[in-house]
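Encoded as structure tokens, the structure appears first; notes follow it.
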Amino acid sequence: HTRFLYVSWGSEMCIRDRSKVIRARVALLDPRQVGVPVTVFAFVRTNQHNADWLKQFHQKVAAIDEVVDFYRLAGVTDYLLRVVVPDIEGYDAVYKRLIEIPGIADVSSSFAMERIKSTTALPLPASF
């Protein structure tokens, strides 16, 4: 049973995904080369936990282009955002948009000093 069929034609690759596990095919860009070398992790706490607020909050944050990853967490912090920006001033503009959203209790930020590992490859079990 073949899950994927890879056929190469010159520089193009045609992928047929029979099991529907491929979500997208993308080009991974170098953040420095495209002018967004600063990575910020924003930890967001809220005092709102109702369905209407969650929907609006999710829509507002998802609309911020600089937010490239957005997770809801269990624990002390409610949300984790990974933000990419050109510089600290760029993050300040994002921060100001975040704190305009009603119901945010706290936004704490950490700036990445060095990217040690970053991958989109998933650790597949041997049975896959």
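The values are calculated or read from the model by the stated rules, or taken from the named source; none is laboratory data. These numbers were taken from a predicted model, which means no experiment stands behind them. Because the Cβ atoms are built from the backbone with ideal geometry, glycine has one as well, and the counts that use them run over all protein chains shown. Accessible surface is based on the protein model in full, side chains and every heavy atom, while ligands, DNA and RNA are left aside. Shrake-Rupley method; radii C 1.70, N 1.55, O 1.52, S 1.80 Å.
Summary of computed values
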item: Single condition Thr119 does not satisfy, out of (1) among the β-branched types (Val, Ile, Thr); (2) in contact (Cβ under 8 Å) with a residue 24 or more places away in the chain; (3) within 30 Å of Val21 (Cα to Cα); result: (2)
item: Single condition Gly35 does not satisfy, out of (1) over 17 Å from the mean Cα position of the chain (by Cα); (2) on the phi < 0 side of the Ramachandran plot; (3) modelled with pLDDT of 95 or more; (4) surrounded by 10 or more Cβ atoms within 10 Å (Cβ to Cβ); result: (2)
item: Sole exception among (1) more than 15 Å from Thr39 (Cβ to Cβ); (2) among the basic types (Lys, Arg); (3) touching a residue at least 12 places away in the same chain (Cβ under 8 Å) for Lys55, by number; result: (3)
item: Enumeration of residues in the stretch 104-119 that are β-branched (Val, Ile, Thr) and open to solvent by 100 Å² or more (accessible area, probe 1.4 Å); result: Ile116
item: Tally, over the stretch 70-93, of residues that are aliphatic (A, V, I, L, M) and without any contact (Cβ under 8 Å) to a residue 40 or more places away in the chain; result: 5
item: Qualifying position, being open to solvent by less than 40 Å² (accessible area, probe 1.4 Å), touching a strand residue (DSSP E or B) at 6+ places or on another chain (Cβ under 7 Å) and in contact (Cβ under 8 Å) with a residue 40 or more places away in the chain, among Val40, Val67; result: Val40
item: The listed residue being within 17 Å of the chain's Cα centre (by Cα), small (Gly, Ala, Ser) and at pLDDT below 95, out of Ala42, Ala62, Ala27; result: Ala27
item: The stretch 75-86: number of residues that are within 15 Å of Pro37 (Cβ to Cβ) and either touching a Phe, Trp or Tyr at 6+ places or on another chain (Cβ under 7 Å) or open to solvent by 60 Å² or more (accessible area, probe 1.4 Å) (or both); result: 4
